[in-house]
Each structure stands twice: as structure tokens, then as C-alpha cells.
Amino acid sequence: MKTKLLIATCDTDYAEHLSKIITKNYSDALVLTLCNTQEGLRVALEAQRFDAALLETQMIEGADLSLVSLPLLLVSPDDDDALDIYEYGQITKYQRVSAIVSELLSRCALVSKYVRGSSLKRADVTAVWGPAGGVGKTTVALSYAAQKVAEGKQVLYLNLESFSSVPAYFAQTGKSISAVFEMLENSDGNVKMLIRGICQQDSGVGMAYFCRPENFDDMYALSAENIAELTSVCAGVTEELVIDMSCVCDRRTRKVFELADKVLLVTDPTATAQVKLSQFSTQHTVFESIKDKVVLVANKGAELGCEIAQAVWKLPFVQSANHTAVYKALSGSFEEQSEKC
């Protein structure tokens with residue numbers, strides 16, 4: 001369900017600017033109503049209920065906000081009296097619209113009703129995993145995600161590693177994914193709305209992502225059920241969900257395998273990686289449950305047959321100290337002509 005947003009400002013140029021960007025980039029999350037006069041605000045408030053409202057101080061005098069779930073003051077950076085005027089909280093004007101929307105949806109998520117387990121699956125879910133560390137799993141995950149963006153898909157990259165590698169690839173300027181973890185644990189608030197609010201957009205490739213957890217322990221506090229809900233909700237807000245996981249095979253990993261449409265099983269030419277892959281595929285009961293959706297990814301020029309998977313994708317060894325350059329260079333390897341068994 002979309003969030004009904006009311007913006008009341010006398011600044012028509014600013015209103016036009018907000019309307020243009022919100023309509024272009026956030027129409028899947030927000031339904032916008034604009035008011036430039038007190039009379040227009042009165043009419044809008046009488047006509048319907050709003051989930052949130054951003055209102056300038058000169059517009060709110062005498063306004064009946066009883067049908068607004070979350071009224072917020074829209075203030076200029078130099079408005080020193082704002083805190084004394086309004087009781088509900090405020091959002092600053094003239095910052096990036098993406099930052100305004102993020103803050104707005106994050107606050108709405110805390111007060112919005114949400115039925116747990118109600119998200120409808122929209123995305124194809126791809127889990128990227130390998131039993132050995134250091135095989136280039138994150139590079140593969142990002143390469144695959146970048147390829148899907150190039151195909152015109154809306155892509156969300158979700159990093160569930162024990163030690164997040166997100167800062168090595170993306171700017172860390174937004175809200176941490178720890179806010180989502182806390183809401184999942186507390187079972188209070190609209191997780192889907194919060195996810196939509198804190199999700200960042202990579203300016204280079206165009207995939208969406210989350211900033212890393214605030215604390216190392218935040219990831220470990222999540223149960224398998226939390227991970228299942230996180231996966232489900234993320235799959236409801238995008239077309240392609242790519243999940244990058246640690247090399248452990250615990251209950252949380254198995255839950256992601258269960259929910260995934262495809263599992264990219266990553267290995268490289270090293271003896272250690274080959275031994276661990278062989279052990280996982282021949283001795284672990286989990287492999288039997290996922291083998292029909294496994295694609296074996298032979299990374300760093302590894303030569304592998306088709307004994308354990310229905311498809312093998314072979315990736316070349318790209319030498320570069322720039323991690324981002326490596327995954328971008330490899331992204332074209334995931335086209336339809338990838339080698340199949």
C-alpha cells in the first residue's frame with residue numbers, strides 16, 4: 001500500500017521541484033498531494049485522510065490535522081523558532097529529496113500499521129554462497145546484480161555477511177540496516193516502509209543497497225525467522241533480489257536457500273575451495289534440497305565440470321586492486337550465453 005503524503009508550502013518553485021522528483025522516483029511508494037494556500041490545505045484535509053504531511057509554519061495556523069497520522073513541520077535551515085512552534089517533529093527543506101523521503105518513510109514506519117507476513121513476492125531471489133571463504137563471493141553477487149541492472153531490472157543487493165563488505169563498494173551516507181534489524185526483532189512497525197525509506201541507490205551502476213550494520217553483533221541477533229521475513233519483505237519491493245551470505249551453513253543460510261529461486265554456488269581454483277565444495281555437494285544433506293536450483297560459478301578462471309549442477313558459469317580472473325572495477329568488468333559474464341551443462 002502506498003503512503004499518502006500531503007505537502008503544504010507557499011514556495012511554488014520548491015513545491016514543483018519536490019513534486020517532479022517524487023513523482024519520477026518514488027511513485028511506487030508515495031501518493032502526493034500539494035497545497036500552496038491555507039484554503040487549499042483546508043480542502044485537502046477535509047477530502048481525505050493522509051499518512052503523513054510536511055507543512056510550513058505559515059500554512060498550519062487553524063488547520064485541522066486530526067486526519068493526518070504523522071504531521072511534520074517543513075522548516076528552513078535557518079528557522080530557529082521551529083522547535084518552539086510545532087510539537088510533532090520536523091524535516092529540513094532544501095536538502096536532497098532522497099534524504100527527505102528517507103527520513104519521512106523511516107518515521108512513518110514507526111507509526112504505520114503493518115501485517116507481518118503480508119508482503120507479496122515480486123522479485124526473483126538469487127542467493128550467492130560458497131562453503132569456502134575468499135573465493136570472490138561478493139564480487140560474483142555484485143557482478144550478477146550489475147548484469148540484471150543492465151538488463152533493465154530494478155535490483156536490490158542485500159548483504160548478510162557476518163562482517164559486511166558493503167563499505168568497500170558503496171558510499172555509507174544513509175541510515176544503517178540495523179534499524180530494520182531492530183524492527184524485525186521488536187515486531188513493531190512497518191518493516192516494508194522502513195526498508196523503502198533507508199534503501200540507498202548506487203549512482204554508478206544503479207542497484208539499490210543498504211548501509212552496513214552499526215554493530216557487528218546486530219547481524220548475529222537475527223533469527224532464521226527474522227531472516228525469512230527480511231527476505232520476504234525485500235522481495236516485495238524490487239524485481240531482482242540478490243542476497244550475499246557468509247560461508248557458514250547455519251539455519252539462517254538454509255532459510256535463504258529455501259526462499260531463493262536460484263543459488264549461485266561459488267568456488268575458485270584453489271585446492272581448499274575445491275575440497276570444501278566436494279564435501280558440501282557429496283556429504284551435506286542441504287545440497288540435496290537445493291541442487292535443482294544451483295548454478296555453479298567457477299570464479300577466477302576455475303575449470304569445473306557439470307557433475308554437481310545443471311549449469312556452470314565460468315568467470316575469468318580479473319586482476320585489479322579496485323574491487324568495484326572487478327565486479328563491473330565481470331558483470332557481462334552473466335549474459336544468456338553463459339556456459340550451460
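Could you identify the single residue in 44, 63 that is among the small types (Gly, Ala, Ser) and assigned to a loop (DSSP other than H, G, I, E, B)? Spell out how you get there, then give the answer.
Numbers: 44 fails: assigned to a loop (DSSP other than H, G, I, E, B).
Of 44, 63, the one residue that is among the small types (Gly, Ala, Ser) and assigned to a loop (DSSP other than H, G, I, E, B) is 63.
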Could you please find all residues in the range 12-27 being in contact (Cβ under 8 Å) with a residue 60 or more places away in the chain and surrounded by fewer than 20 Cβ atoms within 10 Å (Cβ to Cβ)? 14, 17, 21, 25
Among the listed residues 261, 218, which satisfies the condition of being of a type in the set (D, E, K, R) and modelled with pLDDT of 95 or more? 261
Name the residues in the range 239-255 that are surrounded by fewer than 23 Cβ atoms within 10 Å (Cβ to Cβ) and of a type in the set (Val, Ile, Thr), would you? 248, 253
Any hit, the range 131-144, residues being at pLDDT 90 or above, part of a loop (DSSP other than H, G, I, E, B) and of a type in the set (Lys, Arg): no
Just give me the residues in the range 232-251 being under 10 Å from residue 122 (Cβ atoms), in a loop (DSSP other than H, G, I, E, B) and not polar (S, T, N, Q), in sequence order. 236, 237, 239
Return the residues of the range 301-317 that are buried (at least 19 other Cβ atoms within 10 Å of the Cβ) and at pLDDT 85 or above; say none if nothing qualifies. 302, 312, 313, 315
Filtered residues of the range 247-280 (kept if touching a residue at least 40 places away in the same chain (Cβ under 8 Å) and under 17 Å from residue 181 (Cα atoms)): 252, 253, 256
Residue 147 passes all but one of the listed conditions (1) under 15 Å from the mean Cα position of the chain (by Cα); (2) crowded, with 18+ Cβ neighbours inside 10 Å; the exception is number (1)
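The values are calculated or read from the model by the stated rules, or taken from the named source; none is laboratory data. For clarity, every value in this text was computed on a predicted model and none was experimentally measured. Reconstructed Cβ throughout: ideal geometry from the backbone, glycine too, with neighbour counts over all protein chains shown.
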